1. How many residues, within the stretch B:136-162, are among the aliphatic types (A, V, I, L, M) and touching a residue at least 40 places away in the same chain (Cβ under 8 Å)?
2. When you scan the stretch B:300-335, how many residues do you find that are among the charged types (D, E, K, R), within 14 Å of chain A (Cβ to nearest Cβ) and not in a loop (DSSP other than H, G, I, E, B)?
3. Any idea which of (1) among the charged types (D, E, K, R); (2) over 17 Å from B:Asn108 (Cα atoms); (3) modelled with pLDDT of 95 or more; (4) out of contact with any Lys or Arg (no Cβ under 7 Å at 6 or more places or on another chain) is the one B:Glu54 doesn't satisfy?
4. Can you tell me which residue is nearest to B:Arg252 (Cα to Cα) among those in the stretch B:347-358 that are in contact with a Lys or Arg (Cβ under 9 Å, 6 or more places away or on another chain) and crowded, with 23+ Cβ neighbours inside 10 Å?
5. Being within 14 Å of chain B (Cβ to nearest Cβ), under 16 Å from A:Arg78 (Cβ atoms) and surrounded by fewer than 16 Cβ atoms within 10 Å (Cβ to Cβ) is the filter here; which residues of the stretch A:8-22 pass it?
6. Show the residue pairs that are 6+ apart or on different chains and have beta-carbon atoms under 9 Å apart, the first residue being within the stretch A:10-25 and farther than 19 Å from B:Glu256 by Cα, the second being among the charged types (D, E, K, R) and part of a strand (DSSP E or B).
7. State the number of residues belonging to the stretch B:319-330 that are touching a residue at least 12 places away in the same chain (Cβ under 8 Å) and open to solvent by 40 Å² or more (accessible area, probe 1.4 Å).
8. Of all residues in the stretch B:149-177, which are assigned to a loop (DSSP other than H, G, I, E, B) and in contact with a Cys (Cβ under 7 Å, 6 or more places away or on another chain)?
Amino acid sequence: MLLIQCPYCDDALPELEFAYAGEAHIDRPQDPSALSDEEWRDFLFIRSNVKGVHAERWRHINGCGRFFNALRDTVSDRFVTSYKAGEPRPDTSGKEPAQ
Amino acid sequence: MTHFSAMSLLKNAISGHKNWPEQWPDKQPKDEYDVIIVGAGGHGLGAAYYLAKEHGITNVAVIEKGWLGGGNTGRNTTIIRSNYLYDESARLFDHALDLWENLSTELNYNVMYSKRGVMMLAHNVHDVQSFQRHIHANRLNDVDNRWLTPKEAKAFCPPLNISPDARYPVMGAALQQRAGTARHDAVAWGYARAAAKRGVDIIQNCPVISIRRGADGAVEGVETGKGFIKARKVAVSAAGHTSVVMDSAGVRMPLESYPLQALVSEPIKPVFPCVVMSNTVHAYISQSDKGELVIGSGTDQYTSYSQRGGLPLIEHTVAAICEVFPIFNRMRMLRKWGGIVDVTPDRSAILGKTPVRGLYVNCGWGTGGFKATPGAAHTLAWTVAKDEPHPINAPFTLERFTTGRLIDEAAAAAVAH
């Protein structure tokens with residue numbers, strides 16, 4: 001089971017308390033009516049599906065209830081770090097988890 | 001390569017089974033092929049076989065980063081069925097079912113296809129309505145599927161608990177009698193043997209690093225762990241790793257890769273005559289011919305390439321199995337594993353051409369790709385050979401995510417994928 005650090009509760013807690021909420025840092029379109037079909041496709045359906053460090057959203061659903069972001073290695077499932085919603089993706093060069 | 005028959009079995013039995021020849025040679029890559037298929041699972045090997053057999057294209061290589069059939073082909077719970085809601089899906093999966101029927105004879109290899117029936121349990125009013133809608137849609141598409149009352153379900157599968165006091169009461173079930181299981185390894189081995197016999201090279205332990213495109217944008221070949229291999233046509237059939245391979249060709253895919261777990265029990269005497277799926281509680285169970293209970297679970301909630309998955313899901317699945325089949329509550333489980341499944345937004349496959357000339361793709365099967373193996377392979381071979389969609393795979397394009405013409409089995413599926 002994953003141990004996930006909630007940046008609001010400031011505690012590492014079991015996966016069962018959390019709900020995964022997909023890839024992070026996908027911005028909603030500013031002007032939806034101006035989007036082409038290809039841009040809608042990219043926004044709605046295309047995901048990076050990274051094999052490596054992935055920025056993703058989690059919700060502490062059985063805890064504080066808040067959304068936050070985390071970086072996790074999708075090969076080893078180890079978390080690099082987690083950070084509050086709205087913060088930019090932290091620079092983690094040199095801090096990649098051991099495989 | 002020996003033709004399997006009663007005579008060849010007898011001959012080899014007399015000589016103590018010491019003289020069986022190898023089933024297919026382990027090849028090193030040539031410099032150039034007409035077609036390269038990335039991924040030697042059932043889908044990839046099957047496509048190579050149909051290319052050689054039906055389209056006369058034998059200068060084909062199937063390139064596999066690990067060992068043959070070691071990905072999702074060897075990791076699934078071997079359920080075969082075709083009772084999908086939409087016309088497009090029903091046609092594709094029923095085409096596969098038609099091919100399953102004669103696959104052992106066609107390949108001269110026993111894939112142990114067993115029409116033991118797949119029964120899907122309805123536990124609440126929504127399930128009942130949704131399954132009956134499926135049954136009506138299936139009947140219109142000439143796909144076998146019928147409704148069973150709880151008593152009929154119990155008669156079909158005696159270990160089932162239909163007590164009204166059960167935690168998950170059984171309100172009925174949908175039964176596809178023509179559905180069942182097959183031996184997953186044998187499907188990969190059978191296709192590999194039959195394809196190799198027609199001249200296809202199967203190259204194992206050779207990861208595809210990237211797909212190379214020329215100045216005009218068309219495919220030129222693949223960079224692999226064993227050097228560059230030239231080919232004007234490349235078909236990607238790499239399941240959970242499809243988006244990684246396609247990224248290298250500059251094609252971003254609407255895919256996410258999730259772990260899907262399964263487990264088996266210790267072997268016991270025959271006790272379970274069919275396949276039972278319970279979508280509401282996420283448990284899929286059958287008994288293999290070896291006697292193990294084969295149990296499938298749902299996907300983990302997070303994307304991953306770890307081929308492991310988390311234990312909470314296994315606990316949930318096993319708890320559900322014990323509620324629905326109380327006789328199994330003291331069974332011991334032997335092992336569990338995960339496969340990485342590539343899931344599309346509409347839970348239907350992507351099968352056919354891509355925006356890149358010479359690049360074809362067969363992916364997005366999510367949690368249900370094994371059943372489609374012969375159908376997907378057969379229609380992919382057609383598309384690669386003729387460079388045009390097969391009537392059955394035509395709706396399963398990559399463009400549907402731009403046009404919005406989705407095949408939304410996610411919202412309508414018989415299973416919570």
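The values are calculated or read from the model by the stated rules, or taken from the named source; none is laboratory data. Being a predicted model, the structure only gives us computed values, none of them experimental. Quick reminder, even Gly has a Cβ in these numbers, built from the backbone with ideal geometry, and neighbours come from all protein chains shown. Side chains are part of the model used for accessible areas, which takes the heavy atoms of the whole protein and leaves out ligands, DNA and RNA. Shrake-Rupley method; radii C 1.70, N 1.55, O 1.52, S 1.80 Å.
1. Looking only at that region, the number is 3.
2. Initially, the stretch B:300-335 is screened for residues among the charged types (D, E, K, R), giving B:300, B:308, B:315, B:323, B:330, B:332, B:335.
Remaining after also requiring within 14 Å of chain A (Cβ to nearest Cβ): B:300, B:308, B:315.
Checking the rest, the ones that are also not in a loop (DSSP other than H, G, I, E, B) come to B:315.
Qualifying residue count for the region: 1.
3. It fails just one condition, (2).
4. So, considering only residues that are in contact with a Lys or Arg (Cβ under 9 Å, 6 or more places away or on another chain) and crowded, with 23+ Cβ neighbours inside 10 Å, the one nearest to B:Arg252 (Cα to Cα) is B:Ile350.
5. Selection gives A:Pro14 alone.
6. Short answer, once both residue conditions are applied: A:Phe18/A:Arg59.
7. Residues meeting the conditions: 3.
8. So the first thing to find is which residues in the stretch B:149-177 are assigned to a loop (DSSP other than H, G, I, E, B), and the list is B:149, B:157-171, B:177.
Within the stretch B:149-177, just B:Cys157 meets the criteria.
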